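Trainee: My questions all concern the structure below.
The values are calculated or read from the model by the stated rules, or taken from the named source; none is laboratory data. Computed from a predicted model, the values in this text were never measured in an experiment. When we count neighbours, we look across all protein chains shown, and the Cβ atoms used for this are built from the backbone with ideal geometry, even at glycine.
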Amino acid sequence: MRSRERVDAAFAHGEPDRTPIMEYVLVGPVAERILGRRFIDYATEPERWLVRARDLGFDAALRSYVVDRIDLAERLGHDLMYVCPNPVPGGTAYYDPVVIGSTSGSMEDPVEALKRRNGFVSKGLAVSRPPDRSLCVYRSLREEMDRRGLDLPILAPAYFHGIWSDTDLMETIVLDEAVAKEHFRLATERALRLIEAYLEIGIELIGIGGDFAGAQLIISPEAYRAFIVPEVRRLSTFIRDNGRRSVNATDGNLWSVIDDFLLGCGADGYLEIDMGAGMDLGLLKARYGMRITFLGNMDCGRVLSFSSPGEIAEITKNILDAGKGSGGHVFTASNAIMPTVPFVNYVAMVNAYRDYFGLSRFEANGGE
């Protein structure tokens, strides 16, 4: 199977020839060891990337980033790419589909702070299409894939419904239901404008939702059902009606709202499956495996950062075993591969995956 066929089979709950593999976010020393050169990922280091764009010119910097990303995918044998919109030089910020417009920790009344933010959005200052230039990366990726004879589906983010560090929003959920609901309604409108742009340029998979849990939910299950589920369902329905697939994403322990998150939100997939928070892929697959595609769930924090290569190899095998049967699984880490992950540990995971499917091993010097 080619990568696109493999990913399509996983989401259609067919039987791919092997579990598709991707990396959600791969940065820092691991990415540079694989490439054998310096690498700046604008999703995690936007300021440094904008300096590079200033020094090299926007087109050259973006071209370099695209080559780096596709080199990583090729060398690691990935079937799918997760890519954020690119920064745009010339402004104080860039279009960020994860955190744009969110603030917290102000000294003013939280309800008044959120009303002010809602007013800002509703006047059209933030409810708008993303700058066309912020989508250049997707067109450039397709051009480079075509040049190399690759065809990897792209997953792009529209994570507008997270509440992870937004204390003003969390307090307003308790204090003023109407203001909180307006926030989430406007978040949906912002997300839809980005999703419409993704659809126009052919993005196949769209991430929705956003972080709302850690070791436990950071809002009540009742609040999650009342405020977030209906809005995320609007997005998944829109995406499905336009012939694409949605992936609901958050870290954390979701068992108290798992039916709402997986079925109530109506998404096709679940990303950021947090092993460290108690999310068991085998149990998830047994309960929801014919309806949901699971993307994960190697623990990037404790396991990849601190376990031995042998332990990592065994856990990789266990995850692949848990995800087998009727498609429905894409192998990746639960979140970003950050500098805490030793290169030897990352290679242990990659080679355990390759051994499982009888593929040639990845050599630690970056070759194969």
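Trainee: Which one of Tyr288, Tyr346 is of a type in the set (Ser, Thr, Tyr) and within 29 Å of Ala43 (Cα to Cα)?
Mentor: Tyr346
Trainee: Six or more apart or on different chains, Cβ under 6 Å: which pairs go from a residue in segment 105-129 that's of a type in the set (A, V, I, L, M) and at pLDDT below 80 to one that's surrounded by 14 or more Cβ atoms within 10 Å (Cβ to Cβ) and assigned to a helix (DSSP H, G or I)? Could you list them?
Mentor: Once the first residue is of a type in the set (A, V, I, L, M) and at pLDDT below 80 and sits in segment 105-129, its partners that are surrounded by 14 or more Cβ atoms within 10 Å (Cβ to Cβ) and assigned to a helix (DSSP H, G or I) give Val127/Val121; Val127/Glu189; Val127/Arg190.
Trainee: Go through segment 313-334 and count every residue that is surrounded by fewer than 23 Cβ atoms within 10 Å (Cβ to Cβ) and either touching a Gly at 6+ places or on another chain (Cβ under 9 Å) or hydrophobic (A, V, I, L, M, F, W, C) (or both).
Mentor: Looking only at that region, the number is 8.
Trainee: Follow-up question, since we're still on this one. Leu175: closer than 25 Å to Val83 by Cβ and modelled with pLDDT of 95 or more, yes or no?
Mentor: Details: closer than 25 Å to Val83 by Cβ: no; modelled with pLDDT of 95 or more: yes.
Here the answer is no, as Leu175 does not meet what is asked.
Trainee: Of everything in segment 251-275, what is of a type in the set (S, T, N, Q) and part of a helix (DSSP H, G or I)? Give them in sequence order.
Mentor: Ser256
Trainee: Pairs please, first residue from segment 315-342 and more than 14 Å from Tyr270 (Cβ to Cβ), second anywhere and exposed (fewer than 15 other Cβ atoms within 10 Å of the Cβ) and aliphatic (A, V, I, L, M), Cβ atoms under 7 Å, 6+ apart in sequence or on different chains.
Mentor: Pairs found: Ser326/Met290.
Trainee: Right, something else. Name the one entry in Glu144, Glu182 that is under 30 Å from Ile21 (Cβ atoms) and of a type in the set (Asp, Glu).
Mentor: Details: Glu182 fails: under 30 Å from Ile21 (Cβ atoms).
After ruling out the rest, the residue left standing is Glu144.
Trainee: Among the listed residues Met279, Met290, identify the single one that is in a loop (DSSP other than H, G, I, E, B) and under 15 Å from Asn335 (Cα atoms).
Mentor: Answer to the check: Met279.
Trainee: Something else now. Look at segment 32-89 and say how many of its residues are touching a Gly at 6+ places or on another chain (Cβ under 8 Å) and in a strand (DSSP E or B).
Mentor: 1
Trainee: On to the next question. Can you name the residue in segment 231-267 that is small (Gly, Ala, Ser) and within 19 Å of the chain's Cα centre (by Cα) and, of all such residues, is surrounded by the fewest Cβ atoms within 10 Å (Cβ to Cβ)?
Mentor: The qualifying residue surrounded by the fewest Cβ atoms within 10 Å (Cβ to Cβ) is Gly266.
Trainee: Starting from residues that are of a type in the set (A, V, I, L, M) and surrounded by fewer than 18 Cβ atoms within 10 Å (Cβ to Cβ), keep the ones in segment 27-53 and report whichever is modelled with the lowest pLDDT.
Mentor: Initial filter on segment 27-53 (of a type in the set (A, V, I, L, M)): 27, 30-31, 34-35, 40, 43, 50-51, 53.
Right, trim to surrounded by fewer than 18 Cβ atoms within 10 Å (Cβ to Cβ) and you get 35, 51.
Details: Leu35: 96, Val51: 91.
Only one residue fits best here, namely Val51.
Trainee: So, one more: List the residue pairs whose Cβ atoms are under 7 Å apart, where the first residue sits in segment 347-363 and is charged (D, E, K, R), the second is not in a helix (DSSP H, G or I), and the two are 6 or more positions apart or on different chains.
Mentor: Correct list of pairs: Arg354/Ser360; Arg354/Arg361; Arg354/Phe362.
Trainee: Does Arg52 satisfy the condition of being more than 27 Å from Gly202 (Cα to Cα), in contact with a helix residue (DSSP H, G or I) (Cβ under 6 Å, 6 or more places away or on another chain) and in contact (Cβ under 8 Å) with a residue 60 or more places away in the chain?
Mentor: Considered against the rule, which asks whether it is more than 27 Å from Gly202 (Cα to Cα), in contact with a helix residue (DSSP H, G or I) (Cβ under 6 Å, 6 or more places away or on another chain) and in contact (Cβ under 8 Å) with a residue 60 or more places away in the chain, Arg52 comes out as no.
Trainee: Another question, then. Going through segment 335-363 one residue at a time, which ones are aliphatic (A, V, I, L, M) and either crowded, with 17+ Cβ neighbours inside 10 Å or closer than 23 Å to Val247 by Cα (or both)?
Mentor: Ala336, Ile337, Met338, Val341, Val347, Ala348, Met349, Val350, Ala352
Trainee: Looking at segment 2-26 only, could you name the residues that are modelled with pLDDT of 95 or more, of a type in the set (A, V, I, L, M) and not in a loop (DSSP other than H, G, I, E, B)?
Mentor: Scanning segment 2-26 gives Val7, Ala9, Ala10, Ile21.
Trainee: So, Asp151, is that one more than 30 Å from Val67 (Cβ to Cβ) and either among the β-branched types (Val, Ile, Thr) or modelled with pLDDT of 95 or more (or both) or not?
Mentor: Here the answer is no, as Asp151 does not meet what is asked.
Trainee: Something else: Which of the residues that make up segment 220-250 are over 24 Å from Asp299 (Cβ atoms) and assigned to a loop (DSSP other than H, G, I, E, B)? Before the answer, list the steps.
Mentor: First, pick out the residues of segment 220-250 that are over 24 Å from Asp299 (Cβ atoms): 220-223, 225-246.
Passing the criteria: Ser220, Asn242, Gly243, Arg244.
Trainee: Any residue at all in segment 291-314 that's among the acidic types (Asp, Glu) and under 22 Å from the mean Cα position of the chain (by Cα)?
Mentor: Within segment 291-314, one or more residues are among the acidic types (Asp, Glu) and under 22 Å from the mean Cα position of the chain (by Cα).
Trainee: Now, a different point. With the requirement that a residue be in contact with a Phe, Trp or Tyr (Cβ under 9 Å, 6 or more places away or on another chain), farther than 22 Å from Gly327 by Cβ and not hydroxyl-bearing (Ser, Thr, Tyr), what does segment 247-276 give you?
Mentor: Hits for segment 247-276 are Asp251, Gly252, Val257, Asp260.
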